[in-house]
1. Sort region 56-203 into rounded, prolate or oblate with this rule: let a ≥ b ≥ c be the square roots of the eigenvalues of the Cα gyration tensor; rounded if a/c is under 1.5, and if a/c is not under 1.5, prolate when a/b is larger than b/c, oblate otherwise.
2. What is the Cα centroid distance between region 143-192 and region 220-290, reported in whole angstrom?
3. Let me understand region 149-277 better: what is its radius of gyration from the alpha carbons, and its Dmax, in angstrom?
4. Give me the percent relative contact order of the chain, please, defined on Cα pairs under 8 angstrom at least 6 residues apart.
5. Which whole-Hz ³J(HN,Hα) couplings does region 51-61 yield from phi under the Karplus relation 6.51 cos²θ - 1.76 cosθ + 1.60, θ = phi - 60°, glycine and proline marked x?
6. Give me the angle, in degrees from 0 to 90, between the Cα long axis of helix 584-597 and the longest principal axis of the Cα atoms of the chain, rounded to the nearest 10.
7. What is region 155-196 by shape, rounded, prolate or oblate, if you read a ≥ b ≥ c off the alpha carbon gyration tensor as root eigenvalues and call it rounded for a/c under 1.5, prolate for a/b larger than b/c, and oblate otherwise?
8. Whole Å is fine, so just give me how far the alpha carbon centre of region 58-95 lies from that of region 356-411.
Amino acid sequence: MSDLNHQRQIIIRWFFTIAAGVLILKALQLQVLDSSYRTKAEATTIDEQVIYPARGTVYDRNGNILVYNNPTYDLMVTYNQVDQEMDKKTFCELLGITEKYFNETLNKDWRDPRFSKSVPFPFLTKISAKDFARFQERLYQFPGFRPVLRHARGYPHKNAAHLLGYIREVNREEVDNSNGEYMPGDYIGTGGIELYYEKELRGEKGISFILKDNLGREIEAYNGGSLDEPPQSGRDLITTIDLGLQAYGEELMQNKIGSIVAIDPASGEVLAMVSTPTYDPNILAIDRDRGKSYNKLLENENNPLFDRSIMAQYPPGSLFKPVVALIGLQTGALTPNRSIPCSGAYYYNGMRLTGCHNHPLCYSVETGIQYSCNAYFVTAFRDIIDGENNFYNPQKGLDTFNYYLNQFGLYQKLGIDLPREKKGFYPTSKFYDDYFNRQQAGQKWNSLWIRSLGIGQGELLLTNLQMANVAAIIANRGYYITPHLVKGLIGNEMAIPAEFTTKHKVEIKKEYFDLVANGMEKVVLAGTARSAYIPGVSVCGKTGTAENPHGKDHSIFFAFAPKDNPRIAIAVYVENAGFGGTFAAPIASLMIEKLVNGEIDPARKWLEQRIVEANLMDATP
């Protein structure tokens, strides 16, 4: 029995001896041989580092890249990690900065609670990938400096600046109103698609948790990176834009002020949207020269930042006459074969009130449109307003007229997927009641006083987008789909929003649209827009010459083609260019030919050359 107890005691002693030895060896490893645990024990903070996502790429309708991501870098610095004996001269040369900038940026007012010697802050931002590559090779020589990858924008083509927009750093108001979505230094879309589709394009930021010691030095990923959240890239957008057509339109409009808007009437998809003067979108990319470039654009007297397609509000001139014809036919003020005489002007009680050009007798609505007779449409407009017996009560007639204008999408934003669209203007009965009470001491107004509306002048204002949309309505014989710029997202079954697929119908009979389309075809074949004729393509168009009290008149034209199953509706507005058939009509016809035929007929190359080489900027007042 005693032998058994003795053996047990020996076993127990050996167990404790071995256990003690294991503990001693483990302590030796932790405290002497392996420094990682001692280093972790010294760690005092976990740093959250933002990982910025790639912004979505933007494509045209044919898969051509319009906007891509261009890597850029922000250089962060932690003051108490900087080697004060570092080679400042080499450092500054590598980054292209002065030693003065180095000293002023590195040395903060450390009494200011915004700064801490152990917290990283931006030292230099917007470093291009090319410049950073040269610096990166020597980065190990400069402790305390850490790069952060950002994603600026790049543009492989010099086109579509207005509709694409650009990105910039968020301002304080945007940060405060973002509910934490944006932090200082983040980028945000400004203007164009970049702003309208900011939510889809921007992506979601990621987070990396880094263990740091009490001196601010990075040790390793916290908890093995298990808590890190990777960034989610923004969604890639497919636009409706035809890059080739867009570029061609900008070429035709160089050295001119104005706009081209081209729409696929069947779908409402915008094929091209040109505003000139324009600029290369690359000059507003995120880099150190962007501020100077932006200021130069702001100082340009021709305002290249202004999008004339959706923000400029113009009198439509004679482009409005087909609308007057349609409303007149629907209300019964006109009949298809109504003849209205013209003696070179519109006369009232023997007085010559509104001039007109010489042309044959307009014996129908079609010929009235063909010859763009002012007397014809002033008469038609007054008959719409006066009705059977409303000369002394024109409010009712004007309200009816405006009821149809509203269906054409006038005096309202059409709802294109771009910011800052203007809605144009048409005068209402209340507008004239207030105006005449204020300006004419209670004078009653009537259709004679507002006759200029019948020929698209007076207080009437439209955007070029609205004019193109009116052309689309006539092309569709009575409806439109809201013009839009985005077809969908790559790799995602994004349903096109209902507002971009819904038909908006105009309560005018289709047969009247057919009549107006016939008249517009005659305009091109034997009317005021012979310069828009394209062999083999039936073009239906209408010229306009909008009066400009400040200088030369504006050249206007809208059209659709082919007449049956149209593929394009287009509006062209060229400021200070004179008669509509001189510049606007041929520009539209070249755009139509480019889309329908794919190239310009050699017999019309002379016309293309004349338009491209024309410099109308000197005509601007």
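Derivation of every value follows stated rules applied to the coordinates shown; laboratory data play no part. Since this is a predicted model, take the numbers as computed values, not measurements. Note that each Cβ is placed from the backbone with ideal geometry, even for glycine, and that neighbours are counted across all protein chains shown.
1. Numbers: a/c = 2.97, a/b = 1.64, b/c = 1.81.
Oblate, since a/c reaches 1.5 and b/c is not below a/b.
2. 14
3. 20.6, 66
4. Details: 1288 pairs, mean separation 84.7, N = 621.
Reported relative contact order: 14 percent.
5. 10, 7, x, 6, 6, x, 7, 10, 10, 7, 5
6. It is inclined by approximately 60 degrees.
7. Details: a/c = 3.61, a/b = 2.55, b/c = 1.41.
Prolate, since a/c reaches 1.5 and a/b exceeds b/c.
8. First find each Cα centre; the distance between them is then 62 Å.
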